[in-house]
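Have a look at the structure below, then the notes.
Bear in mind these aren't lab numbers, they're just calculated from the coordinates by the rules spelled out. What you see is a predicted model; the values in this text were computed from it and never measured. With ideal geometry, Cβ positions are generated from the backbone for all residues, glycine too; neighbour counts draw on all protein chains shown.
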Amino acid sequence: MTGETDLSPARLRHARFAIAGVFCAHGAVTGSFATRIPWIQDHAQLSAGTLGLALAFPALGAALTMPLAGRINHRFGARTALRMLLSLWTLALILPSLAPNLWTLCFVLFVYGATAGMSDVAMNALGVETENRLKRSIMSSLHGMWSVGALIGSAAGTVAAHAGADARLHHLVAALALTLAGLIAVRGVLDLRTDTGGEEAPPHFALPPKSALFIGAIGFCAVFAEGASLDWSAVYLRDVLHTDAGLAAASTTAFALTMALARLAGDKVVDRFGAVRTVRAGGALATVGGLLVVTVHHPAAALAGFGLIGLGIAVVVPLAFAAAARSGPAPAQAIAGVATITYTSGLIAPSAIGAVADATSLVVSFGLVTLLSFALIAGATVLRQRPVAAGASTANRDEPAAIRP
């Protein structure tokens, strides 16, 4: 990557805060949308089943369009591409609440997901480039800032819903505010362009390189465990352990809280121990958590187990994106490949858990989650990647910071 020449420590620190602001704005859109889903369901007059169908379309839109992000990055440069794609994403928040029926909602959620996925690839690619120039891990905390943004968006949405505000007005105001915040944040990110050395531009729709498939498999395991735990942990406590609704909901809170805190603190752990050892340790923690859930049939053990799962898988996806970007000469294309796999995992995990539970039991379903958590221990070696992009750090990201040259 070429472009901006001012890479002083002060400029890089400013760029790090700027890209963190981008992640926060991106997450706030998701949080704002999620809190008003009941309003959207009532407005479009949907049953639970048809709502479930509609909610599959954001992931579908993201998975099908993320491979376009590499071409957009190449054509416009990292900062301009991010400015454009992030603005499309924040403005897309307006669309779902306007849909009057199922098919309109499916269409606008496809567009909503497409803008989400492409902006996700652009900001992760630029986050990795910033990390390479800082020569220390920042991807975990960037994803932690995404969680902070989602929390802010959901808190504001909860207030709007409690006040009985029309979601069309709420989302219009939120979209305009987040678009402005995103544009301000993007002004400070690094202005980079792909240096092709005279080679042809990437194709308009690029399939992920083979190197991204193995890295994506690790992300698949983590996102599957995340989706299963977020959507089914409360059901597990209620139906299997027969707890009350309040305690059941606490399991989801325990999972989300430990995951967010681990992401915010994860960079120091990665810098100290390296990506491979961090993911192996995380896989071990998540495996222990899964075993507590499926073998010790007590609410306290289940709460601790879901917390450990969240703690163990928290940094896997940020590290998978970072490894993908360093796996070849086209970072955005590789990140798009890994993101497509992880989005697909998030799409199928809730329904797969339900299908296994129908055929057997929820205990068996979370046995599957435990096995996928264990797979992180064995598969962590695929994250051992060296930077390849021009101007990137040459440090081995799997060595502790103290022994890097």
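Hey, what number do you get for the chain at 222 nm if only DSSP H runs of n ≥ 4 count, each worth -39500 (n - 2.57), divided across all residues, to the nearest 500?
-25500 deg cm²/dmol
May I ask for the Kirkwood hydrodynamic radius of the stretch 1-109, worked out over all distinct Cα pairs and given in angstroms to one decimal? Mind dumping the intermediate values first?
Details: mean 1/r = 0.0619 Å⁻¹.
The Cα-based Kirkwood calculation yields 16.2 Å.
What chymotrypsin sites (Phe, Trp or Tyr not before Pro) does the stretch 229-305 have in DSSP loop regions with at most 13 other beta carbons within 10 Å?
Working: sites: Trp232, Tyr236, Phe255, Phe273; in loops: none.
Answer in residue order: no site qualifies.
Before anything else, pin down the relative contact order of the chain: Cα pairs under 8 Å, at least 6 apart, normalised by residue count, whole percent. Please report the intermediate quantities before stating the final value.
Numbers: 769 pairs, mean separation 98.7, N = 405.
RCO, the chain: 24 percent.
Over the Cα atoms of the stretch 306-364, how large are the radius of gyration and the largest Cα-Cα distance (Dmax), in Å?
For the stretch 306-364, the Cα-based Rg and Dmax read 15.1, 45 Å.
Would you mind giving the average projected area, over all directions, of the Cα convex hull of the stretch 253-396 in nm² with one decimal? Don't jump to the answer; show the numbers that get you there.
Values: hull surface 36.1 nm².
Reported value for the Cα convex hull: 9.0 nm².
5 Å is the cut-off here: which amide hydrogens, built 1.01 Å from N in the peptide plane, fall below it relative to Arg193, excluding neighbours closer than 5 in sequence?
Thr2, Gly3, Glu4, Ala78
Through the Karplus equation 6.51 cos²θ - 1.76 cosθ + 1.60, θ set to phi - 60°, convert the phi angles of the stretch 292-298 into ³J(HN,Hα) values in whole Hz; use x for Gly and Pro.
Per-residue couplings from phi come out as 4, 5, 8, 10, 9, 7, 9 Hz.
Once percent of Cα pairs over 41 Å apart is worked out from the coordinates, which option in [x] 11; [y] 22; [z] 41 does it equal?
Label of the calculated value: [x].
Relative contact order of the stretch 1-146, please, whole-number percent, based on alpha carbon pairs below 8 angstrom and at least 6 residues apart.
Numbers: 155 pairs, mean separation 57.2, N = 146.
That works out to 39 percent.
So if R0 is 51 Å, what FRET efficiency would Arg187 and Ala352 give, r being the distance between their Cβ atoms, rounded to the nearest 0.05? It would help to have the intermediate numbers written out before the result.
On the way: r = 42 Å, r/R0 = 0.82.
After rounding to 0.05, the efficiency reads 0.75.
Please identify the longest segment of the chain free of exposed GluC sites (Glu not before Pro), where exposed means a DSSP state other than H, G, I, E or B and no more than 13 other Cβ atoms within 10 Å.
Numbers: sites that count: Glu199, Glu200.
Of all site-free stretches, the longest is 201-405.
For the ranges 21-30, 152-161, 60-69, what's the packing order if you count other beta-carbon atoms within 10 Å of each residue, average per peptide, and put the highest first? Could the numbers behind the result be given before it?
On the way: 21-30: 25.0, 152-161: 17.9, 60-69: 22.6.
Going by the mean number of other Cβ atoms within 10 Å, highest first, we get 21-30, 60-69, 152-161.
Based on Cα coordinates alone, diagonalise the gyration tensor for the stretch 273-322, multiply each eigenvalue by 5, take square roots, and list the semi-axes in whole Å, largest first. If you can, show how the numbers build up before the last one.
Details: eigenvalues 116, 17, 9 Å².
Listed largest to smallest, the semi-axes of the stretch 273-322 are 24, 9, 7 Å.
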